[in-house]
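Read the structure below first, then the notes.
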Amino acid sequence: MSSPLQAIRGMNDVLPEEMALWRSFSGIVEACLERWGYRAIRMPLVEQTALFRRAIGEATDIVEKEMYSWRDELNSEELTLRPEGTASCVRAAIEHSLVYDGPKRLWYGGPMYRHERPQKGRYREFYQYGAEAFGYPGPDVDAELIVMCARLWPELGLSGLRLELNTIGSAEERARHRADLVAHLLAHEGKLDADAKRRLQTNPLRVLDSKNPLVQEVAAKAPPLMNYLGEASLAHFDGLKKLLAGAGIEYAVNPRLVRGLDYYNLTVFEWMTDALGAQGTVCGGGRYDGLFAQLGGKPTPGVGFAMGCERLVALMKANPDRNPAARPDAYVLHQGEGAAAYAFALADALRSAGHAVVLHAGGGSFKSQMKKADASGAWLALVVGEDELSAGEVSVKMLRKSAGQQRVARARAVEQFNAFLLKAKE
């Protein structure tokens with residue numbers, strides 16, 4: 001007998017018990033995004049590899065070693081499972097001329113893929129919600145996205161999240177800073193780890209974001225990028241901070257926060273938690289004003305964020321009030337000649353009225369059926385036996401509280417169901 005197959009490492013099944021929480025999470029997030037004026041868009045899972053090389057940057061960890069890429073020999077194309085959503089969303093906006101008639105606010109959700117070492121909160125297939133705003137150059141929309149997150153966290157039942165904020169200026173300002181930063185890092189090369197030395201030659205700004213304590217010690221004494229920023233970049237950052245202060249949003253400016261993607265400029269931010277160990281970032285984003293032109297489109301300002309669904313769901317799971325059970329309204333039991341058809345019609349009528357109903361299948365005694373009804377989590381059990389069948393009635397029993405069994409005429413069962421359900425939930 002062959003061994004049973006298992007899911008690919010880092011790509012996880014979400015079982016029905018947990019899916020109730022996921023669906024609650026998704027409903028809250030999507031309602032929030034729509035309420036703030038963002039419209040849904042869906043992009044393909046697979047894109048041309050060139051899209052991510054051009055957008056994310058050749059020297060990033062994602063492009064260098066984390067993408068799932070292959071050559072489609074049939075069409076002679078280099079293809080990649082998307083590792084993030086912003087590049088795909090910008091590509092779609094360019095391809096379909098979405099901003100020809102003015103700015104757009106968009107959101108998307110779905111799986112992303114990165115080939116990295118799986119650990120808690122960090123998987124090879126992971127889900128994100130993203131929001132992108134195209135065509136808005138000012139700090140007001142940067143603030144809007146950050147405040148949206150701040151208002152979302154309580155809706156999800158989350159607390160203790162903190163905001164870290166920085167500005168990385170323009171490409172020209174970073175280029176002026178780069179020469180002095182590289183000189184500083186080379187002067188302390190002995191304290192740099194292999195990853196920092198590699199980034200020193202490709203993307204030295206990322207060295208500032210190292211988690212290695214020795215490298216952090218060197219980075220702390222590096223020339224601050226803020227000293228190289230011009231009047232426009234500083235004004236943008238000051239405008240953002242004023243808007244956040246006016247909205248009552250607390251934050252900490254972290255000069256070492258640079259994010260891991262090359263397309264960012266000006267604002268970068270992360271929402272952090274201490275409850276998930278090393279994987280503390282639950283949402284991150286920033287401004288990417290040059291990305292449209294970088295991908296062949298007309299220059300268009302852009303800003304957005306992506307939130308890690310697995311990490312946020314893990315935080316929700318720790319809160320019993322936000323961890324709902326997948327609970328049907330009723331479980332319909334039946335036994336005896338003619339009862340199955342009677343129960344089938346009753347369940348169908350209740351579902352048509354908008355109720356979640358499980359109809360027992362597979363036979364068995366009323367005792368065994370009642371055990372399954374109780375295990376289903378349903379609020380009510382509806383019983384159809386020979387007595388009920390001959391009387392044209394249905395027996396109603398509350399499963400989550402002690403109460404006597406009641407009978408109701410079948411003709412009024414659907415009409416009176418809401419009253420029974422409300423009483424069962426009291």
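What the table below lists for this structure:
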| quantity | calculated |
| --- | --- |
| Residue within region 80-93 that is free of Cβ contacts under 8 Å to residues at least 60 places away in the same chain, in the same structural domain as Ala31 (by TED's automatic domain parsing) and surrounded by fewer than 16 Cβ atoms within 10 Å (Cβ to Cβ) present | no |
| Any strands (runs of 3 or more DSSP E) falling wholly within region 82-199 and containing at least 2 residues that are within 16 Å of the chain's Cα centre (by Cα) | 104-113, 125-134 |
| Tabulated pairs, region 353-380, first at negative phi and surrounded by fewer than 17 Cβ atoms within 10 Å (Cβ to Cβ), second among the acidic types (Asp, Glu) and outside any helix (DSSP H, G or I), C-beta under 8 angstrom, 6+ apart or interchain | Ala356/Asp329 |
| Residue that is surrounded by fewer than 19 Cβ atoms within 10 Å (Cβ to Cβ), among the hydroxyl-bearing types (Ser, Thr, Tyr) and farther than 22 Å from Leu266 by Cβ, where the choices are Tyr127, Tyr100 | Tyr100 |
| Top-ranked residue in region 205-239 [being of a type outside the set (A, V, I, L, M, F, W, C) and outside any helix (DSSP H, G or I); ranked as modelled with the highest pLDDT] | Gly230 |
| Checking Gly290 against (1) more than 30 Å from Val99 (Cα to Cα); (2) surrounded by 16 or more Cβ atoms within 10 Å (Cβ to Cβ), the condition it does not meet | (1) |
| Cross-chain or 6+ apart pairs with Cβ under 8 Å, region 1-29 first and closer than 21 Å to Trp107 by Cβ, then modelled with pLDDT under 90 | Leu21/Lys317; Leu21/Arg322; Leu21/Asn323; Leu21/Pro324; Ser24/Arg322; Ser24/Pro324 |
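Here is a yes/no grid of residues against (1) at pLDDT 90 or above; (2) touching a helix residue (DSSP H, G or I) at 6+ places or on another chain (Cβ under 6 Å); (3) at positive phi:
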residue	(1), (2), (3)
Ala133	yes, yes, no
Ala143	yes, yes, no
Trp153	yes, no, no
Ala171	no, no, no
Arg176	no, yes, no
Val182	no, yes, no
Ala194	no, no, no
Asn203	no, no, no
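The values are calculated or read from the model by the stated rules, or taken from the named source; none is laboratory data. Remember, predicted model here, so these are calculated numbers, not experimental data. Glycine also receives a Cβ, built like all others from the backbone with ideal geometry; neighbour counts cover every protein chain displayed.
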